[in-house]
1. Take residue B:241 and decide whether it is within 11 Å of chain A (Cβ to nearest Cβ), touching a residue at least 40 places away in the same chain (Cβ under 8 Å) and over 21 Å from the mean Cα position of the chain (by Cα).
2. Looking at the stretch A:135-149, can you tell me whether even one residue there is in a helix (DSSP H, G or I), among the charged types (D, E, K, R) and surrounded by 19 or more Cβ atoms within 10 Å (Cβ to Cβ)?
3. On the given criteria, is residue B:282 within 30 Å of residue A:61 (Cβ to Cβ) and either in a helix (DSSP H, G or I) or outside the structural domain of residue B:301 (by TED's automatic domain parsing) (or both)?
4. Restricted to the stretch A:153-203, and to residues that are part of a helix (DSSP H, G or I) and of a type in the set (D, E, K, R), which residue is farthest from residue A:221 (Cα to Cα)?
5. Tell me the residue from B:115, B:99, B:66 that is within 28 Å of residue B:243 (Cβ to Cβ) and surrounded by fewer than 23 Cβ atoms within 10 Å (Cβ to Cβ), please.
6. Here is a list: A:118, A:32. Which entry is of a type in the set (Ser, Thr, Tyr) and either more than 25 Å from residue A:275 (Cβ to Cβ) or outside the structural domain of residue A:315 (by TED's automatic domain parsing) (or both)?
7. With the condition being buried (at least 18 other Cβ atoms within 10 Å of the Cβ) and in the same structural domain as residue A:129 (by TED's automatic domain parsing), I'd like the helices (runs of 4 or more DSSP H) fully within the stretch A:235-339 carrying at least 3 qualifying residues.
Amino acid sequence: MGILTFGILTARETGWDVIAPNLTITIFGLLTFAAVIFLLFVIGERSSVKAQEWVKYLVFLVPALFLLTIGLIYPAIRTLFLSFMDARGENFIGFENYIWAFTKPEILVVLRNTIIWTLAVPIFSTTIGLGIAYFTDRMKRGAWVKSLIFMPMAISFVGASVIWRFVYTYEPNLNKPDIGLMSALAKAIGIADPPIWLIEAPMNTFLLIAVMVWIQTGFAMVVLGAAMKNIPDEIVEASMLDGASQWRRFSQITVPMIRSTIVVVVTTVLIGTLKVFDIVRTMTGGNFETNVVANEMFNQAFQQRNYGTGSALAILLFLGVIPIVAYNIRQLRRERTER
Amino acid sequence: MTQLAPKPSGLKLTKGRRKVKDAFSSPWASFFAIVIALLWTIPTFGLLVTSFRPKVDIVTTGWWTFFSNPNVTLENYQSVFLQGNNVTPPLSQYIFNSFAITIPAAVFPLTIAVFAAYALAWFEFKGRDFIFFSIFALQVIPLQLTLIPLLQLFARGQIAGVQVLPDMEITGSYIPIWIAHTIFGLPLAIFLLHNFLRQIPRELVEAARVDGAGWFMLFRKIIFPLSIPAIASFAIFQFLWVWNDLLVGLTFGGGVREIAPLTVRLAEMVGTRGSGWEVLTAGAFISMIVPLIVFFTLQRYFIRGLLAGSVKG
């Protein structure tokens, strides 16, 4: 009953006049989609065996290829093209935008930060994830521990940023009690005058990186943990009989045996880190020398309305991913031929 | 990737395994793991506690003092959930928007992806491998690379000055957001579902073909029912991804408040002076509650999807 009144109250306060058209378009969208699929199947199943040989491509393959072409391939090419044009995408200006990116001091800081991010996040989250995966591998009730560490994966980057902004809250008045955990801890260990966490560079970049590590560690842990489960017990037992120490067992058996999974984790985290923009945007807005390429691209394109520089930054981002793509495709090819 | 090959089944609880297990349960390792788990949870926990404290308490004392001086209120939730002003609607509106964006943005890509995965796994045609590898490579195209042209496409329906879509005036509605999420979700979805569909036994498919099932009936009667578990795990993935997304909602929503999802509002609240912690913590928690419920109830499927994506590779 309580829930019901709450629901009605919400509907009224929200303004049914706003929700009604939105709800209509949502339901209409879903129904249209379902109707189209239904129709395609009716037509497909009724058509002759011969006709099906080409109708099947039309129904099953063409929609995806069409969307990928106009939604990913065409825009990517066009962005490359725009990166050689001026702010409004009208005149060709050669490498001007790239020269801008590599000479302007602010942008150089942005590039430097992005490199720090893409090095630090994969290294820390994979290492910590690997450690926890190893420690919880055969632990009783390890599931709970893993679940807690994995939880940040479910939270949005924006939500995570609010959580950590609160941790990093700074109280300028030294006589007032701290409400930020970080400052309180700093004082507890004897730092009487803690720094303004999110403003002082270069520390602030690392504090932002910590948020991303906090999120990605769970991912690394789960994937690496799954790979560890597949190490045959015989090998572990044999090493125990040989009297190998924990550390030796970890470094000479576990790590080498899951090496390729470690590579996958590092590359996945790295790609995710390159693209991250929400954390920087929400925590510092890219101020105080914390900006990264993904966020600056957004600023250039949508706040400065400069499509040229925005596109050039997007292309730089993509260049960072290319070696990884090449490596992954080679891996995939090799695996396919092995099968 | 030999270490990932499934090991002989049925060995899990043999004596050997148990012996190994005992030998490994070093109290120090467990202690270390528990400490890290607590460390990982404290920030979220602090946020949760704060969201239930009265405003006065929040700004004057740390949330950890709550336990010596417990003072609980629902006021913060009430105010962010229900009270809007002339400019911004209350959060309940954004919650609705998040659902209205997320559900179609999970249904559309999954349907189109399972179709394409079916075609790539079971149709024999020239260039199949090339298409498959291309889609695999598309996975890593940063969203940022596509934003400007795609927005122009939605705004004007033109590709390189040529009208390819009717000018539908869809900006400012959910439609561009749905389409954008559908496009961005496709490569990974096709890749994962393709891996799954390929494992359906060939005899099963051939038997159905011999019995006279056409390609459409084959999909409806055999392929689709068998792929439901894979679809389910990817659905969770896509749902969380869309729900938690900020970039697409921000750019393709066109800054229209009536259709913006929760994340966009939350990011806006952070940037606004005057949004106190009592509002931010409650707002953040509201935005997290749905993904957390999904996560804790369906964790097993979520992990399955995750592993399929990263381990199979």
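The values are calculated or read from the model by the stated rules, or taken from the named source; none is laboratory data. Keep in mind it's a predicted model, so treat the numbers as computed, not measured. Here the Cβ positions follow ideal geometry from the backbone for every residue, glycine too, while neighbour counts run over all protein chains shown.
1. no
2. yes
3. No: the conditions fail for residue B:282.
4. Only one residue fits best here, namely A:187.
5. That would be B:99, the only listed residue that is within 28 Å of residue B:243 (Cβ to Cβ) and surrounded by fewer than 23 Cβ atoms within 10 Å (Cβ to Cβ).
6. None of the other options fit; the residue is A:32.
7. In the stretch A:235-339, A:259-275, A:278-283, A:293-298, A:307-338 are the helices (runs of 4 or more DSSP H) which contain 3 or more residues that are buried (at least 18 other Cβ atoms within 10 Å of the Cβ) and in the same structural domain as residue A:129 (by TED's automatic domain parsing).
Results for (1) part of a helix (DSSP H, G or I); (2) β-branched (Val, Ile, Thr); (3) touching a Cys at 6+ places or on another chain (Cβ under 8 Å), shown as yes or no for each residue.
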site	(1), (2), (3)
B:199	no, no, no
B:217	yes, no, no
B:278	yes, no, no
B:286	yes, yes, no
